[in-house]
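Trainee: Have a look at this one before I ask anything.
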Amino acid sequence: MDFKNAIANLLASSVFFLRNIFLLIFSPYRTMRNISRGKDFGQAFLIFLTVFLYFKFVYFLRDDPYPATITFLVFILHFLFTMAFFYFLGGVSNNKIKIPGFILTFSYTLIPTLFWFVSNSILYVFIPPPRSYSILGKGFSIFYISYSISLLTWKLILIYLALRFSTKLGFYRIMYLMILFLLWFIPYSVFLFHFKIFRIPFI
């Protein structure tokens, strides 16, 4: 009976997970606010499972890669450290912070990252570099840059909304925290690149 309940709960979480991804594209403000009120950790599990499957997939595309389990563990440590950074600097004494909503909202900020990395891997398979300087090649480059900027913008919006709804902080305080985050994130990215763990950090 417990197994059936677990399967039913996971299926329900899957439906909400797919629905939230769709709604985050068209209505991120309202959707992230609703996510911050939730307690369904099954959705967070599905996000992390998808990330793990991506690392398994990309393992076969890279030259001399680290095992997928290692890169996934590095990602988990980074994600936990990021959450701890915003949680403690965002005001651990803030009674308005609800842990379930905090975890769920930050988990959903990974969706634009997943979109970008998965699409890059697919493009690598079907349109591998080097690419030409023809009209089609330049057109593809313009499309790719626009697509990447759009996902980055979406990512920043989701991070802001995650902090806004889970910590109840104001705009300027959130901007200040994000700048502080970048101060350690940039050297950290160089470190990961140097050891060939991530060319671009998975955040």
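Trainee: For a footprinting-style exposure proxy, rank His194, His78 by other Cβ within 10 Å, fewest first.
Mentor: His194, His78
Trainee: Something else now. Give the average over all directions of the projected area of the C-alpha convex hull of the range 12-118, one decimal, in nm².
Mentor: Value for the range 12-118: 7.4 nm².
Trainee: Magnitude of the Cβ-charge dipole of the chain, K/R +1 and D/E -1, about the Cα centre, nearest 20 debye?
Mentor: The calculated dipole for the chain is roughly 560 debye.
Trainee: Counting only C-alpha contacts under 8 Å and six or more residues apart, can you give the relative contact order of the range 2-194 as a whole percent?
Mentor: 29 percent
Trainee: I would also like to ask the following. Hey, could you grab the Kirkwood Rh for the range 2-194? Inverse mean 1/r over distinct alpha carbon pairs, Å, one decimal.
Mentor: Taking the inverse mean of 1/r over all distinct Cα pairs, the range 2-194 comes out at 18.5 Å.
Trainee: Separate question: Considering only C-alpha atoms, what is the centroid distance from the range 18-94 to the range 178-202, in Å?
Mentor: Rounded to whole Å, the Cα centres lie 17 Å apart.
Trainee: Let me ask something else about it. Among 144-157, 43-56, how do they line up from the highest to the lowest mean number of other beta-carbon atoms within 10 Å?
Mentor: 43-56, 144-157
Trainee: In deg cm²/dmol and to the nearest 500, what is the mean residue ellipticity at 222 nm of the chain if only DSSP H runs of at least 4 residues count, each as -39500 (n - 2.57), divided by the residue total?
Mentor: -26500 deg cm²/dmol
Trainee: Another question about this same structure. Using only the alpha-carbon atoms, what does the range 36-77 span along each of its principal axes? Please give whole angstrom values in decreasing order.
Mentor: Dimensions of the range 36-77 along the principal axes of its Cα atoms: 43, 18, 12 Å.
Every read-out reported here was derived from the displayed coordinates using simple, explicitly stated rules and does not represent laboratory data. As the structure is a prediction and not an experimental result, all values here were calculated from the model. Positions of Cβ are backbone-derived with ideal geometry, glycine not excepted, and every protein chain shown enters the neighbour counts.
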